[in-house]
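Written out below as structure tokens is the structure these notes cover.
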Amino acid sequence: MRVVIDTNVLISGLLSPAGPPAAVLDMWISGRINVCVSPDIVEEYVSVLLRPRFAAMGTHTERYNIMAGLLELPNTVMIYPTCQLNVIEDDPDDNIFLACAVEARAEVIVSGDEHLLALGEYQGIAIWQPAQFVKVQQN
């Protein structure tokens, strides 16, 4: 299954080893899902992960290495979207997840973001909260 993971799910999963976001990351790490990322998504992942408020997770280098390790997994797929979308006008930064998912032909975007979740789906791509995604994957 091809999935795009929003930054809030990534960060939540890294901060807390329990709960649905961590379960999503476990699926990524164990190879149960293929996670699609784009250069813009990677840039956002890294910039958020390196914010001072996440210093408890380690030094800049340690946090960068965590991200690098995820990106080097064989089931991480780099996508180079050729389209720029303007679907979410209230938070244009969210459009990078939609563009990546469309180009990757992803089945699901996993997010906790209210703007993305309000769409419910986009061009046949489901947009689910981590708990919903985990529940579907367990069945």
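In table form, for the structure just shown:
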{"quantity": "Computed log₁₀ I(q)/I(0) - Debye formula, equal Cα scatterers, no solvent, the range 70-139, q 0.20, 0.23, 0.24 Å⁻¹", "calculated": "-0.89, -1.10, -1.16"}
{"quantity": "Cβ-defined net charge surrounding G13, 12 Å radius [Lys, Arg +1; Asp, Glu -1]", "calculated": "-2"}
{"quantity": "Dipole of the chain, positive direction: furthest Cα of N8, H60, W28, with charges on the beta-carbon", "calculated": "W28"}
{"quantity": "Order by protection proxy (mean Cβ within 10 Å, highest first), peptides 6-14, 46-54", "calculated": "6-14, 46-54"}
{"quantity": "Cα-centre dipole for the chain with unit charges at Cβ (Lys and Arg positive, Asp and Glu negative), debye to 20", "calculated": "560 debye"}
{"quantity": "Max mean-square fluctuation residue, GNM over the chain, Cα-Cα springs under 10 Å, options G120, G69, G112", "calculated": "G69"}
{"quantity": "Per-q log10 I(q)/I(0), the range 25-102, q = 0.11, 0.16, 0.19 Å⁻¹ (Debye; single scatterer per alpha-carbon; no solvent)", "calculated": "-0.33, -0.69, -0.91"}
{"quantity": "For peptides 91-102, 71-82, sequence by mean Cβ density within 10 Å, most packed first", "calculated": "91-102, 71-82"}
{"quantity": "Mean separation of Cα contacts under 8 Å, 6 or more apart, over the residue count of the chain: relative contact order %", "calculated": "31 percent"}
{"quantity": "Most mobile of A22, A104, A56 in a GNM of the chain (Cα contacts under 10 Å)", "calculated": "A56"}
{"quantity": "Linear extension gain, R105 paired with Y80, 0.36 nm per residue minus alpha-carbon span", "calculated": "7.8 nm"}
{"quantity": "Helical mean residue ellipticity (222 nm; -39500 (n - 2.57) per DSSP H run of 4+; nearest 500) of the chain", "calculated": "-14000 deg cm²/dmol"}
{"quantity": "Chain lengthening between V46 and A118 when straightened (0.36 nm per residue, less Cα-Cα)", "calculated": "23.4 nm"}
{"quantity": "Compactness relative to 2.2 N^0.38 Å, alpha carbon Rg of the range 1-132", "calculated": "0.98"}
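Every number in this text was worked out from the coordinates using simple rules, so none of it is lab data. The shown structure was predicted, so the numbers you read here are calculated from the model rather than taken from an experiment. Don't worry about glycine lacking a Cβ; one is built from the backbone with ideal geometry, like all the others, and counts go over all protein chains shown.
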